[in-house]
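Below is a structure I'd like to ask you about.
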Amino acid sequence: MDLGEGLRQALAKLSKATIIDAKTVKEFNKSLQKALLSSDVEVQLVLELTDRIEEKALKSNLPQGVDPRDYITNIVYEELVKLVGEGYIPKMEKKRILMMGLYGSGKTTTSAKLAKFYQDRGLSAGLICCDVSRPAAYRQLETLAKQANVPFFGIETEKRAEKIAQEGLAKFRDKDIVICDTSGRSSLDSELIEELKRVNKVFNPDEKALVISADTGQIAGKLAREFDNAVKISGVIVTKMDGSGKGGGALSAASAASAKVMFIGIGEKLGNIEPFNPNKFIGNLLGVPDIESLVKHITTAISESKMDPKKLEKEELNFETFYEQLDAMKNMGPLKNMFGMMGVNNVPKEVMEQGEERLKRYKVIIGSMSKAERKNERLLHEPGRVTRIAKGAGVQDKDVRAMVAEFNKMKKAFNTLKNDRNFKKKFKFG
């Protein structure tokens, strides 16, 4: 069970209670503690949070006309927001960012994501590889830099990280954002600490970010404190928030180090990173729709897929335009993210996986059609066409027919949605 599911189940039990008294609140807190602990939030933080919830729920005066369940839900929301800390609004100004973390945290990929994030917002960026311990780090960051269209600097044979940092700064003196990716280890040892201190002194960063994977577990808090004691971190970047059922440990790590969560990674693509917004994050966990992000996500995906919304408005939906939409959906990332933005958080994992697989199969089937068939689905009623398409796609006839049936339902829904004025306004149709 992931953190969001556990929280929603605890609140669901509360909403079914006929009387909200001390016993009900204590039982609710037990469910809440179980959800938080299973998601790797540190024990002390959990106890402090549930103590505050109990005190506020039982000792404060209930506002007139407010349902006790709604009142407690709001208390939970506010306390969870406090737990994960204040939000982060990145300043669009010249700065140096030092990236730190252990093996497997996603530090190198996140370095490239950050560079792209700032460059996409009009600031020039440069990436320096100061990871001198992992052989593949140089090539990996070089490749990612090319994908992000960001300048790269490194000295593959140099073992002194501080020398690379110094030369990198000289090379990127004209860049607004300079990001330095440092060495990692399986654990923070004295050798790494000394190396980070030397790089820190030469690089003189404006921000020092500790990258922690969402599946790190309860040691995340201890890890954050150790890095903070060594080089004083500015904040935490949490990766793999799209695929982990946990994440509580990594999020509470910022609290443990008296730092803030700066960014969260929400997918594998270089664009899948966003500044941390605690209200939005907790709202999503509790099942509150994030329509603003959904609209932004979809319009960005449409733009990246080169799909023209006005074309969709003018034309009838056919397999040709459906194929373009499938391409756009691929750019949106995992279905789990999309459902989360819509406030639909309890879709079973197997259903989500089946949905992902079905979309991939649909693309293969459409790819096996002729251009005429893509433009006119009625041609598929002619004998032999379905069998030929199925054979070309490596599926059975029934799979093609099932897709056609789903497509017809989608076409009907799309035509209804296309005529919705509010929807057209949000997505700039017309």
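The values are calculated or read from the model by the stated rules, or taken from the named source; none is laboratory data. It should be emphasised that the depicted structure is a prediction, and the values quoted were computed from it without experimental measurement. Ideal geometry is used to build each Cβ from the backbone, glycine not excepted, and the neighbour counts take in all protein chains shown.
Residue by residue through the range 39-48, note down the ones that are free of Cβ contacts under 8 Å to residues at least 60 places away in the same chain and either in contact with a Phe, Trp or Tyr (Cβ under 8 Å, 6 or more places away or on another chain) or closer than 18 Å to residue 2 by Cβ (or both).
46, the sole residue that qualifies.
Filter the range 128-138 for residues that are assigned to a helix (DSSP H, G or I) and in contact (Cβ under 8 Å) with a residue 24 or more places away in the chain and give the result.
Restricting attention to the range 128-138, the residues satisfying the condition of being assigned to a helix (DSSP H, G or I) are 137-138.
Correct list: 137 only.
Follow-up question, since we're still on this one. Look at residue 111 and say whether it is under 30 Å from residue 136 (Cα atoms) and small (Gly, Ala, Ser).
Considered against the rule, which asks whether it is under 30 Å from residue 136 (Cα atoms) and small (Gly, Ala, Ser), residue 111 comes out as yes.
Continuing with this model, one more query. Taking helices (runs of 4 or more DSSP H) that do not extend beyond the range 320-417, which have at least 1 residues that are closer than 30 Å to residue 272 by Cα and modelled with pLDDT of 85 or more?
Qualifying helices (runs of 4 or more DSSP H): 349-367.
Scan the range 9-53 residue by residue and report those that are surrounded by 17 or more Cβ atoms within 10 Å (Cβ to Cβ) and charged (D, E, K, R).
40, 42
Cβ-Cβ under 6 Å, sequence separation 6+ or interchain: first residue in the range 258-287 and on the phi > 0 side of the Ramachandran plot and modelled with pLDDT under 85, partner assigned to a helix (DSSP H, G or I) and of a type in the set (D, E, K, R). Which pairs?
287/8
Out of the residues in the range 70-90 that are in a helix (DSSP H, G or I) and under 18 Å from the mean Cα position of the chain (by Cα), state the one that is farthest from residue 262 (Cα to Cα).
81
Going through the range 139-177 one residue at a time, which ones are assigned to a loop (DSSP other than H, G, I, E, B) and not acidic (Asp, Glu)?
Correct list: 149, 150, 151, 154, 155, 157, 159, 160, 172, 173, 175.
Here's another thing I want to ask about it. Could you tell me how many of the residues in the range 91-139 are of a type in the set (Lys, Arg) and under 17 Å from the mean Cα position of the chain (by Cα)?
Here the count works out to 3.
From the set of residues in the range 6-40 that are assigned to a helix (DSSP H, G or I) and out of contact with any helix residue (DSSP H, G or I) (no Cβ under 8 Å at 6 or more places or on another chain), which is modelled with the lowest pLDDT? Talk me through it step by step, then tell me what you get.
To start, the set of residues in the range 6-40 that are assigned to a helix (DSSP H, G or I) comprises 6-16, 22-38.
Among the residues that remain, those that are also out of contact with any helix residue (DSSP H, G or I) (no Cβ under 8 Å at 6 or more places or on another chain) are: 12, 16, 23, 30.
Values: 12: 81, 16: 78, 23: 88, 30: 92.
So the residue we want is 16.
Note down all Cβ pairs under 7 Å where the first residue falls in the range 103-125 and is in a loop (DSSP other than H, G, I, E, B), the second is surrounded by fewer than 16 Cβ atoms within 10 Å (Cβ to Cβ), and they're at least six residues apart or on different chains.
Pairs that qualify, where the first residue is in a loop (DSSP other than H, G, I, E, B) and the partner is surrounded by fewer than 16 Cβ atoms within 10 Å (Cβ to Cβ), are 103/185; 103/186; 121/92; 123/92.
OK, next. Filter the range 178-207 down to the residues that are crowded, with 24+ Cβ neighbours inside 10 Å and not in a helix (DSSP H, G or I) and list them by number.
The answer is 178, 179, 180, 181, 182.
Between 212, 233, 177, which is in contact with a helix residue (DSSP H, G or I) (Cβ under 9 Å, 6 or more places away or on another chain) and at pLDDT 95 or above?
177
Right, another one. Spot the failing condition for residue 191; the list is (1) of a type outside the set (A, V, I, L, M); (2) free of Cβ contacts under 8 Å to residues at least 40 places away in the same chain; (3) closer than 27 Å to residue 266 by Cα, and only one is missed.
Every condition holds for residue 191 apart from (3).
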